[in-house]
Structures are given as C-alpha cells and as structure tokens.
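Every read-out reported here was derived from the displayed coordinates using simple, explicitly stated rules and does not represent laboratory data. As the structure is a prediction and not an experimental result, all values here were calculated from the model. Quick reminder, even Gly has a Cβ in these numbers, built from the backbone with ideal geometry, and neighbours come from all protein chains shown.
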Amino acid sequence: MLDLYYWTTPNGHKVTIFLEETGLPYRIIPVDIRTGSQFDQQFFEISPNNKIPALVDHHPVGNGTPLKVFESGAILFYLAEKTGRFLPQNGRKKYEVIQWLMWQMGGLGPMLGQNHHFSQYAPEPIPYAIERYRKETDRLYSLLDKQLAQKEYIAGDYSIADMAIYPWIVPHEKQGQKLEDSPHLLRWFQQIQQRPAVIRAYAKGQQINTQPSVDERSKAILFGQDRKTSAP
C-alpha cells in the first residue's frame, strides 16, 4: 500500500495520474495547503520542503522499512522504476524521458507557477512581472509544440514526462495561452485528456477539493512564509 500526501495542484495530479495508469493500490491523505496543513510536524517528517505531493511506500522494493519520497519528479521516477512502466529501462530512450521530466521540474513548472502568481494572486498588478512570465510561458509552449510535431508523445512513447507536463497545461487559459496557437500541443493535450486514468485522477481530485478557491487568509499561508514561519 502507498500513502499519497496530496492536494489538487498540478504536482499532485502528476502522481495520481501515474497511480491510476498502473492500478497500484494507494490511499490519498489530503494535505490542504490553503489551511497550512503542509506545515504540520507529521508531514514535515515526510516532506521537509513542506510541499505536496509526498509518498510513503510501506512495501518498497527489497522490503525493509517504509520508504519516504518527496518532490513530484522524484516520486514519478521512483514509481516508474518500482513498476517497470512508463520509463524505458536503459539507453537513449530512458534519458529522453528523464531530460523532459527535468525540464518540467526546473523550467515549465516554476515559470508557469510564477505566471499564475503574478497574474492571479499578487496583491497588485506588476506589469513587468506579468509580461515577463507570460512571454516565458509562451516560449515554453512553443518548444513543446515543436517537440510534439516530431513525436506522438513528449519523448516518443507515453511516459512519466507526459504525466509531469500535462497538469501544468490544463490551466492554459489562466496562463494567457490559446492551445489553438500550438496545434501539435493541442492534439497531444486532447489525447491525454481523454485517457481513462487521467479522467479518474481528476475526478478524485474534485471529490477531495470541492471548493477550489483561495481567500486572503489562504494567500497569507501560501505566499507569506519565511524561515521562521515555515518551521514546524
């Protein structure tokens, strides 16, 4: 059994997609980041960065004590190796997947996250920041479109790279993007959107977070932490 500490963010959806694709037995433990649950001592011991998702595998490969994994990319990598699915075992194809997973973790996610913050949540509009991250988002979408002009999925076959990238494209309208401007990306997006496992993963999220809104108190929790306030 796997315990998934989860909330309905793009990074959370990555892992539920994988788990639904593979049918691994798992239990969702909601961590409502709007109320500060991510700063509880119990969660800190699993995810020292106070971010979701995090995973506890009670039956890891080789047995032994339960294995704790934090960071969504690391979780996908671990689960792919555990199951032998959605990541080639070796050679060029394996590193094709890994490099796009790292690209999502180091580029797409952080840049689109800043896009969201300055366009949706900042207390006052900062035109320079809004334009800066909107342009970078547009560049990254263009890069994906070019990659998908050559391949059916990001790295050829459907993989953890697709699972990592797709949830960040779901809120494309809030990012100031029109998928019609990226026809190959649009084709890929619609293809993944229709996968039964993806549909199930998002349905579970809707059951857990029935009121997906952020108020002023939540903003202070999400965006107002420093070394003093984030320590459990």
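Any idea what the dipole of region 124-204 comes to, in debye rounded to 20, about its Cα centre with Lys/Arg Cβ at +1 and Asp/Glu Cβ at -1?
So the dipole magnitude of region 124-204 works out to roughly 180 debye.
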Taking alpha-carbon centroids only, region 120-185 lies from region 37-105 a number of Å equal to 23
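Which of rounded, prolate, oblate describes the chain, given a ≥ b ≥ c as roots of the alpha-carbon gyration tensor eigenvalues and a/c under 1.5 marking rounded, otherwise prolate only if a/b is larger than b/c? Display every interim value, and only then the final one.
Working: a/c = 1.70, a/b = 1.01, b/c = 1.68.
It comes out oblate by the Cα gyration axes.
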Is the shape of region 31-72 best called rounded, prolate or oblate, per the rule: a/c under 1.5 gives rounded, else a/b larger than b/c gives prolate, else oblate, with a ≥ b ≥ c the square roots of the Cα gyration tensor eigenvalues?
prolate
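Which value in Å is the Kirkwood Rh of region 91-194 over different Cα pairs?
Numbers: mean 1/r = 0.0710 Å⁻¹.
About 14.1 Å, per the Kirkwood formula over Cα pairs.
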Work from the charge dipole of the chain (Cβ charges, +1 for Lys and Arg, -1 for Asp and Glu, about the Cα centre) and give the residue of 196, 118, 208 farthest towards its positive end.
196
For region 74-168, which trypsin sites (Lys or Arg not before Pro) are in a loop by DSSP, counting at most 16 other Cβ atoms within 10 Å?
85, 151
Surrounding net charge for residue 197, when Lys and Arg each add one and Asp and Glu each subtract one, Cβ distance under 13 Å
+2
